[in-house]
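Below: one structure, written as structure tokens.
The values are calculated or read from the model by the stated rules, or taken from the named source; none is laboratory data. For clarity, every value in this text was computed on a predicted model and none was experimentally measured. A quick note on method: Cβ atoms are made from the backbone with ideal geometry, for glycine too, and the neighbour counts reach across all protein chains shown.
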Amino acid sequence: MEFNRKTGCLTLDETLEAAEVSRRWSLVGGGKSPREVNAAALRTCDGAGLAFLWSLRGPAGARLDGLRPEIAALLRPFDSLPECPAEPVEHDRSLLVHIGHATVQILADTRAQIEFIGEFTSTALACCAKPRLVRWTDMWLVAQRAGVDALVVAGMVSFLTGMIMAFQSAIPLRQFGVDIFVVNLVALALLRELGPIMTAVVLAGRSGSAFAAEIGTMKVNQEIDALVTMGIDPMRFLVVPRVLAGFLVTPVLTIYSNALGVGGGFLVMMGLGFPFMALWNQLVSAVAMSDVMTGIIKSLVFGVLVAGVGCLRGLQTGAGASAVGVSTTRAVVSSIFLIVTVDAVFAAIFYAIQW
Amino acid sequence: MVSPIIEVRNLTAAYGDAVILENVSFDVRRGEVFVILGGSGCGKSTLMKHLIGLLSPARGKVLIDGGDIHTATRAEREVLLKKFGVMYQGGALFGSMTLEENVTLAMEEFTRLPPAARRLVARMKLALVGLERFSEHFPSEVSGGMQKRAAIARAMALDPAVLFLDEPSAGLDPVTSAGLDELILSLNKNLGVTFVIVSHELASIYAVADRVIMLDGKTKGIIAEGVPADLRDNCPDPFVRAFFYRRAPDAPSGGMP
């Protein structure tokens, strides 16, 4: 391809393909674009070449001379193609518009959550009245995957956290000669707060995300639509077994993590020279039944929250593969956010009733 | 004589021990519309997956324009892959991209065309399949027939010599399906693209096919090869005639239903 700047005449070679077009695209639409194109030699032309010719002829307004009929025929389907619209401009929205959009979004999301809670509650009550309506085999399967299969990771996290807390607090407390109180610290922190929270976070990461992905994929594949048209309520078929499993499994997992966490703390203390019985007596004197119950009540709520949010996000999935990813992320993020928020509410309530 | 664009030599296709096709050989000539036919479950899709390199043959070889995709080095493979485009049965468009972005993706990866040029080429490809007004739409926002046409536009992004279409008319109404046939013929005539189509829609086979091969699940091979109308009238194999006349194979010959 040769371009004579003086005459504004562009002479094409025998072939016009993507590689050459990429180098010479600047000829199109620039200030000094060709006025005349000599295409007599041109024999083969690919899609990019056609685009080049089209742009020279159309927007740039050049005359094509000597174009072979077979290539002119290739160009013909594009005679009525409108010019490329300019790259869509990102509107420079003001802060106020952003705030407005975000508010509407949050309100819509809240509304969806309230609807979900209402629908779930009514379905759950119906299931309470007629336990036959619950898909028990599904429930046990979910309980196994969310509970039994989580034993290793939940146990590991609690055990190590117990050890680390004992280790870190033993040194400063020893300076005051009260290192036996490490037991109080570890046990109370784990039973009241950390045990339920860590278990719930593990559950959110393992199972809440799985619920969202599973239900989201079903949504994308129109399986949810299939359920609806078969007259099967997805709420009863998919959500109730999962939430029920979360409700049953989380307290058990929490008790198990608590035990392992305290065990981890004990191990460190025994390593530091305390006899087991001294630690055990300290534990029994430090921990009241209310502390244990506090954690278990919380974990029941967390279990329902995590499972419910996982299912809700799954059901809210839009179209396409990336929507499933978005739902999964939203499930985990919302779960963790809710766990921490609800925990703060519990702290306030328990403080008020002096538990 | 011009060499065939696809040569299949003694191909045996198997999943583990289960042999699907045995000792299959055929050629696809440059510039023809070639249709692979057969009843359900006879290995049509398996054969196609071997042709496009998704599955490796148990024995035998597949040559595209003289190159064997299964033994090619990475660099050779890349060159070979640019010689063909594939339209998958469900379209397999990327749901998070607009139709235009679906088409520009391959150009972004394999050419140095500037963005404006890529967008124009994409819009021209979409115009070829009649979708220029939908370039900013997402796949979920257009109909099933449009998705298939967009998938053809995407397969054509790098101007391949061969287009593979897997069941192009499956799930489309007769009118849309006929439109698709017309599109195939016009691309074949105007751009000289070779088509390899897996199908069992009789109407569209008669409309587009230059040559067909028919696979059979029982003999695990090709039971007929030729021009469709000719096979319908003159093929000695009763199963082949039954296929073209759309009747159960053991129906008494002669009388039409």
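Any residue at all in the range B:164-173 that is of a type in the set (Asp, Glu), modelled with pLDDT of 85 or more and in contact with a helix residue (DSSP H, G or I) (Cβ under 9 Å, 6 or more places away or on another chain)? Yes, because at least one residue in the range B:164-173 is of a type in the set (Asp, Glu), modelled with pLDDT of 85 or more and in contact with a helix residue (DSSP H, G or I) (Cβ under 9 Å, 6 or more places away or on another chain). Considered as a group, the residues in the range A:1-18 that are of a type in the set (A, V, I, L, M) and within 14 Å of chain B (Cβ to nearest Cβ) include one that is farthest from the chain's Cα centre (by Cα), and that residue is A:Leu16.
Every test in (1) under 20 Å from A:Val220 (Cα atoms); (2) in a loop (DSSP other than H, G, I, E, B) is passed by B:Leu113 save one, and that test is (1). Name every residue in the range A:129-184 that is among the β-branched types (Val, Ile, Thr) and within 18 Å of A:Val306 (Cα to Cα), in order of residue number. Once the filter is applied, which keeps residues that are among the β-branched types (Val, Ile, Thr) and within 18 Å of A:Val306 (Cα to Cα), the range A:129-184 yields A:Val142, A:Val148, A:Val153. The set of residues in the range A:217-226 being over 18 Å from A:Glu115 (Cβ atoms) and either touching a residue at least 12 places away in the same chain (Cβ under 8 Å) or in a helix (DSSP H, G or I) (or both) consists of A:Thr217, A:Met218, A:Val220, A:Glu223, A:Asp225, A:Ala226.
The helices (runs of 4 or more DSSP H) found wholly in the range A:237-345 and carrying at least 2 residues that are of a type in the set (A, V, I, L, M) and under 22 Å from A:Arg206 (Cβ atoms) occupy A:240-271, A:289-315. Just for helices (runs of 4 or more DSSP H) wholly inside the range A:45-155: which have at least 2 residues that are aromatic (Phe, Trp, Tyr)? The helices (runs of 4 or more DSSP H) meeting that bar are A:47-57, A:95-129, A:136-146. The set of residues in the range B:82-105 that are part of a helix (DSSP H, G or I) and either within 11 Å of another protein chain (Cβ to nearest Cβ) or acidic (Asp, Glu) (or both) comprises B:Glu100, B:Glu101, B:Val103. Do we find that A:Arg76 is among the charged types (D, E, K, R), over 30 Å from A:Phe211 (Cβ atoms), surrounded by 14 or more Cβ atoms within 10 Å (Cβ to Cβ) and within 14 Å of chain B (Cβ to nearest Cβ) in this structure? It is false that A:Arg76 is among the charged types (D, E, K, R), over 30 Å from A:Phe211 (Cβ atoms), surrounded by 14 or more Cβ atoms within 10 Å (Cβ to Cβ) and within 14 Å of chain B (Cβ to nearest Cβ). Within the option set B:Glu108, B:Glu76, B:Glu141, B:Glu136, being surrounded by fewer than 22 Cβ atoms within 10 Å (Cβ to Cβ), within 9 Å of chain A (Cβ to nearest Cβ), free of Cβ contacts under 8 Å to residues at least 12 places away in the same chain and among the acidic types (Asp, Glu) holds for one residue only, B:Glu141. Counting only residues that are more than 11 Å from chain B (Cβ to nearest Cβ) and without any contact (Cβ under 8 Å) to a residue 24 or more places away in the chain, which one in the range A:19-55 is surrounded by the most Cβ atoms within 10 Å (Cβ to Cβ)? Looking at the filtered set, the residue picked out is A:Gly30. Could you list all residues from the range B:43-64 that are farther than 14 Å from B:Leu165 by Cα and either small (Gly, Ala, Ser) or assigned to a strand (DSSP E or B) (or both)? Listed by number, the residues that qualify are B:Gly43, B:Gly53, B:Ser56, B:Ala58, B:Arg59, B:Gly60, B:Lys61, B:Val62, B:Leu63, B:Ile64. Take the conditions (1) touching a Gly at 6+ places or on another chain (Cβ under 7 Å); (2) over 30 Å from A:Ala129 (Cα atoms); A:Trp280 misses just one of them, which is (1). Would it be correct to say that A:Met270 is free of Cβ contacts under 8 Å to residues at least 12 places away in the same chain and more than 15 Å from A:Ser327 (Cβ to Cβ)? Yes: the conditions hold for A:Met270.
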